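Q: Here you go, one structure.
The values are calculated or read from the model by the stated rules, or taken from the named source; none is laboratory data. Keep in mind that this is a model prediction, so the values were computed, not measured. Methodologically, a virtual Cβ is constructed for each residue, glycine included, from the backbone with ideal geometry; neighbour enumeration extends over all protein chains shown. When the accessible area is computed, the model is the full protein with side chains, heavy atoms only, and any ligands, DNA or RNA have been set aside. Shrake-Rupley method; radii C 1.70, N 1.55, O 1.52, S 1.80 Å.
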Amino acid sequence: VGWLVAAIALLGLGERSTSTSALEEQLAAGHVHEVEIAGGLTPGSRGFATQQVRWSRGLLHFETDVVQRSPGADVAERIQQRNPGVTVTVGPVRHPSAEVAGWSVPAWVMALVVVLYVLTLGLLRFGPQPARVTRWGWFWLVLLAGPVGIPAYLFLGGRRDESAARDHRMTGVPAFVLALVAVPLARFLLSFVP
């Protein structure tokens, strides 16, 4: 339940850092209807400054930083030129307090994730013998492949059948190798999330 709360908080309150090209693609496709811009140059000043650009697509929130140069069109003008139907608002500059798996989140969400990690490792260490994978195997999967390993442990770990004649569980070394493959694979798949 705790991990479910953390996932909902991450998706509901977190902002995924992405590129300006992702914003441009989503604007061109008509997926963005409102953009919030924060920071930048004060009126009449010259030089350059960084502006935060935030938008939502469905339930997901995104953020990118754009360099504003003067003289020249600011980010709001460029967005309006690209897609005149988009509403542009000005908001406050936000400084991320923590980052979890590429998402900027409030500090309490990061604290919740750390507590849940410790509790999950405690359950692994002091709980019943897990099924399918040994304790050391699950340890490597949870530690190194967290976004994949933790749900796998919670849903597949279960209690080991002590009456089985042979132990067919995956041991630590194969699980370690699997974790080394799962993390890059998960990152690769997450790179396709706009």
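Q: Can you give me the number of residues within the stretch 110-134 that are in a helix (DSSP H, G or I) and among the small types (G, A, S)? Full working, then the answer.
A: Let us first name the residues in the stretch 110-134 that are in a helix (DSSP H, G or I), namely 110-126.
From the residues that got through so far, the ones that are among the small types (G, A, S) too are 111, 122.
The total comes to 2.
Q: Are any of the residues in the stretch 135-150 outside any helix (DSSP H, G or I), farther than 30 Å from G12 by Cβ, open to solvent by 70 Å² or more (accessible area, probe 1.4 Å) and not aliphatic (A, V, I, L, M)?
A: Checked against the condition, which is being outside any helix (DSSP H, G or I), farther than 30 Å from G12 by Cβ, open to solvent by 70 Å² or more (accessible area, probe 1.4 Å) and not aliphatic (A, V, I, L, M), the stretch 135-150 yields no hits at all.
Q: Moving on. Can you say whether S70 is of a type in the set (S, T, Y) and in contact with a Gly (Cβ under 8 Å, 6 or more places away or on another chain), as far as the supplied structure shows?
A: Criteria met by S70.
Q: Tally the residues that are of a type in the set (S, T, N, Q), in a helix (DSSP H, G or I) and either in contact with a Gly (Cβ under 6 Å, 6 or more places away or on another chain) or farther than 21 Å from S70 by Cβ (or both), restricting the search to the stretch 18-50. So that I can check it myself, show each step before the final result.
A: Just the residues of the stretch 18-50 that are of a type in the set (S, T, N, Q), to begin with: 18-21, 26, 42, 45, 50.
Retained after the next criterion (residues that are in a helix (DSSP H, G or I)): 20-21, 26.
From what is left, the residues that are either in contact with a Gly (Cβ under 6 Å, 6 or more places away or on another chain) or farther than 21 Å from S70 by Cβ (or both) are 21, 26.
Matching residues across the stretch 18-50 total 2.
Q: Continuing with the same structure: Just one of the numbered conditions (1) of a type outside the set (G, A, S); (2) open to solvent by less than 70 Å² (accessible area, probe 1.4 Å); (3) part of a strand (DSSP E or B) is not true of D65; which one?
A: (2)
Q: What tally of residues in the stretch 68-82 results from selecting those that are out of contact with any strand residue (DSSP E or B) (no Cβ under 7 Å at 6 or more places or on another chain) and open to solvent by less than 30 Å² (accessible area, probe 1.4 Å)?
A: First pass over the stretch 68-82, keeping only residues out of contact with any strand residue (DSSP E or B) (no Cβ under 7 Å at 6 or more places or on another chain): 71-73, 77-78, 81-82.
The next check asks that each one be open to solvent by less than 30 Å² (accessible area, probe 1.4 Å); those that pass are none.
Going through the stretch 68-82 one residue at a time, the tally reaches 0.
Q: Okay, next question. Mind listing just one residue for me: the one in the stretch 31-62 that is in contact with a helix residue (DSSP H, G or I) (Cβ under 7 Å, 6 or more places away or on another chain), open to solvent by less than 60 Å² (accessible area, probe 1.4 Å) and among the aliphatic types (A, V, I, L, M) and, of those, farthest from I79 (Cα to Cα)?
A: By that ranking, first place goes to L60.
Q: Now, a different point. In the stretch 84-109, which residues are of a type in the set (S, T, Y) and either part of a loop (DSSP other than H, G, I, E, B) or open to solvent by less than 60 Å² (accessible area, probe 1.4 Å) (or both)? First the steps, then the outcome.
A: Of all residues in the stretch 84-109, those of a type in the set (S, T, Y) come to 87, 89, 97, 104.
Those that are of a type in the set (S, T, Y) and either part of a loop (DSSP other than H, G, I, E, B) or open to solvent by less than 60 Å² (accessible area, probe 1.4 Å) (or both): T89, S97, S104.
Q: Provide a single number: the residues in the stretch 22-33 that are touching a strand residue (DSSP E or B) at 6+ places or on another chain (Cβ under 9 Å) and without any contact (Cβ under 8 Å) to a residue 24 or more places away in the chain. Quick ask: steps written out before the conclusion?
A: The initial filter retains those residues of the stretch 22-33 that are touching a strand residue (DSSP E or B) at 6+ places or on another chain (Cβ under 9 Å), namely 22-23, 26-27, 31-33.
From the residues that got through so far, the ones that are without any contact (Cβ under 8 Å) to a residue 24 or more places away in the chain too are none.
Of the residues in that region, 0 qualify.
Q: Within the stretch 112-126, count every residue that is out of contact with any helix residue (DSSP H, G or I) (no Cβ under 9 Å at 6 or more places or on another chain) and either over 18 Å from L4 (Cβ atoms) or surrounded by 14 or more Cβ atoms within 10 Å (Cβ to Cβ) (or both).
A: Filtering the stretch 112-126 for residues out of contact with any helix residue (DSSP H, G or I) (no Cβ under 9 Å at 6 or more places or on another chain) gives 114, 118, 122, 126.
Checking the rest, the ones that are also either over 18 Å from L4 (Cβ atoms) or surrounded by 14 or more Cβ atoms within 10 Å (Cβ to Cβ) (or both) come to 122, 126.
Result for the stretch 112-126: 2.
Q: Could you please let me know if A28 is farther than 24 Å from L11 by Cβ, at pLDDT 80 or above, more than 18 Å from the chain's Cα centre (by Cα) and open to solvent by 20 Å² or more (accessible area, probe 1.4 Å)? Give the steps one after another, and end with the answer.
A: Values: farther than 24 Å from L11 by Cβ: yes; at pLDDT 80 or above: yes; more than 18 Å from the chain's Cα centre (by Cα): yes; open to solvent by 20 Å² or more (accessible area, probe 1.4 Å): yes.
Considered against the rule, which asks whether it is farther than 24 Å from L11 by Cβ, at pLDDT 80 or above, more than 18 Å from the chain's Cα centre (by Cα) and open to solvent by 20 Å² or more (accessible area, probe 1.4 Å), A28 comes out as yes.
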